[in-house]
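Bear in mind these aren't lab numbers, they're just calculated from the coordinates by the rules spelled out. Since the model is a prediction, treat every value here as computed from it, not as a measurement. Heads up, the Cβs are rebuilt from the backbone with ideal geometry, glycines too, and the neighbour counts pull from every protein chain shown.
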Amino acid sequence: VSLGIGGVFGLLLVIAMQWLLSQNQTMEALIKQGLQSHEFKPFYQPILHSKSGKIVGCEVLVRWVKEDGTVIPPYQFIPYAEDSGLIIPITEQLLYRVVRDIKKLGWAGTDKFMSVNIVPEHLYSDDLYAYIKNLKTDDSWDFKNLSLEITERRKIEDLQQAKVTLSKFYELGIELKLDDAGTGYGGFSYVQELGISTIKIDKMFIDVIGTDDMKNSVLSSIIAFAEASSKKTIAEGVETNEQVEFLAKHGVYKIQGYVYAKPMPFNELVEWKKVAKNLLTMKHD
Ligand code: C2E
Ligand code: MG
Ligand code: MG
Ligand code: MG
């Protein structure tokens, strides 16, 4: 039997696709095992007010911590978790820990928040809402100690349904932040449509501060937009004091980035808070 050149390529293509499929299935099975062993852990990256030096909240960033202590970063499994729908139970596993950690930090009755990344799928049903509501069994934490963030990089297909679900979160006092602002699909229409409270300025616009790059004007327009629409801002991926100062000059005071702290497990966050009291490296006024 002669396949010919096209036939050989076709066969190779089928083999390649089957291999990719089996990789996906293997990953899916591994994630399911990880879920059963509660291996998806929240790491916390503090967000500080550059003027007061006080912690205003943290972003919750998932890490897959294997039994042997190996820490797997999100980019290695989040895409599979999203494709398979397993991002839903992973997020719930995180939240279960997060509200207990909020309680340990004594944040009830304060405005401090833990900001959890969600995907559009979370907004197409009531499941996340129901899960979060059920987590609250007493007054050891408040709904406003939680916030959600959704990336602009991904399209929200069902905007109407998303709005309905979000309005329920807003009723509880849980805010929505726009992640990676300026990079993606939804643009500022999401901000208006979805009732977003806070715009997280993406690292790519922070990186160009102090360079000649034209993207500086994008940064200015994001800040101007936030101001004009009375939205709060957080700068993400801030690495230098120069950036902190530039942002402060332009009215952006909430800073998340290596300049202050990297994402860390809860026990390290507790230690970090003790020594971070005088972290402020800049002085205003
Ligand atoms: P993101 O939500 O935009 O999170 C910010 C990312 O920037 C984090 O990467 C953080 O560690 C990193 N970062 C913060 N400050 C700095 C800095 O000063 N310099 C540099 N170089 N990086 C900085 P991470 O933790 O690897 O997470 C990557 C992405 O994975 C997140 O981007 C988010 O899109 C996704 N992700 C993380 N955790 C979750 C989760 O629980 N659920 C979902 N759906 N996605 C998640
Ligand atoms: Mg985020
Ligand atoms: Mg992102
Ligand atoms: Mg981001």
Only listed residue being surrounded by 21 or more Cβ atoms within 10 Å (Cβ to Cβ) and either out of contact with any strand residue (DSSP E or B) (no Cβ under 6 Å at 6 or more places or on another chain) or among the charged types (D, E, K, R) (or both), chosen from Glu242, Glu236: Glu236
Of the conditions (1) more than 16 Å from ligand 4 (Cβ to nearest atom); (2) surrounded by 16 or more Cβ atoms within 10 Å (Cβ to Cβ), Phe205 clears all except one; give me its number. (1)
Kindly list the number of the only condition in (1) within 16 Å of ligand 1 (Cβ to nearest atom); (2) assigned to a loop (DSSP other than H, G, I, E, B) that fails for Asp213. (1)
Those residues of segment 229-264 which are within 13 Å of ligand 1 (Cβ to nearest atom), in a loop (DSSP other than H, G, I, E, B) and within 15 Å of Lys54 (Cα to Cα) amount to Gly257, Val259, Tyr260, Ala261
List every residue pair whose Cβ atoms sit under 7 Å apart, with the two residues 6 or more apart in sequence or on different chains, where the first one lies in segment 181-194 and is part of a helix (DSSP H, G or I) and the second, anywhere, is of a type in the set (Lys, Arg). Val191/Lys231; Glu193/Lys163; Leu194/Lys163
Across segment 163-180, what is the number of residues that are among the aliphatic types (A, V, I, L, M) and either in a loop (DSSP other than H, G, I, E, B) or surrounded by fewer than 21 Cβ atoms within 10 Å (Cβ to Cβ) (or both)? 3
Residue identified as without any contact (Cβ under 8 Å) to a residue 40 or more places away in the chain, basic (Lys, Arg) and more than 16 Å from ligand 3 (Cβ to nearest atom) among Lys155, Lys163: Lys163
Select from segment 67-117 the residues that are buried (at least 18 other Cβ atoms within 10 Å of the Cβ) and part of a strand (DSSP E or B) and list them in ascending order. Phe113, Met114, Ser115, Val116, Asn117
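Return the residue satisfying two criteria in turn: it lies in segment 128-141 and is touching a Phe, Trp or Tyr at 6+ places or on another chain (Cβ under 8 Å) and in a loop (DSSP other than H, G, I, E, B), and of such residues it is nearest to ligand 3 (Cβ to nearest atom).
Checking each candidate, the answer is Trp141.
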Within segment 1-59, which residues are at positive phi and assigned to a helix (DSSP H, G or I)? Gly4
Quick test of your reading of the structure: Leu61 fulfils all but one of (1) free of Cβ contacts under 8 Å to residues at least 40 places away in the same chain; (2) among the aliphatic types (A, V, I, L, M); (3) closer than 26 Å to Ser147 by Cβ. Name the failing condition by number. (1)
Residue ID - nearest to Lys168 (Cα to Cα), chosen from residues in segment 133-150 that are polar (S, T, N, Q) and surrounded by 14 or more Cβ atoms within 10 Å (Cβ to Cβ): Ser147
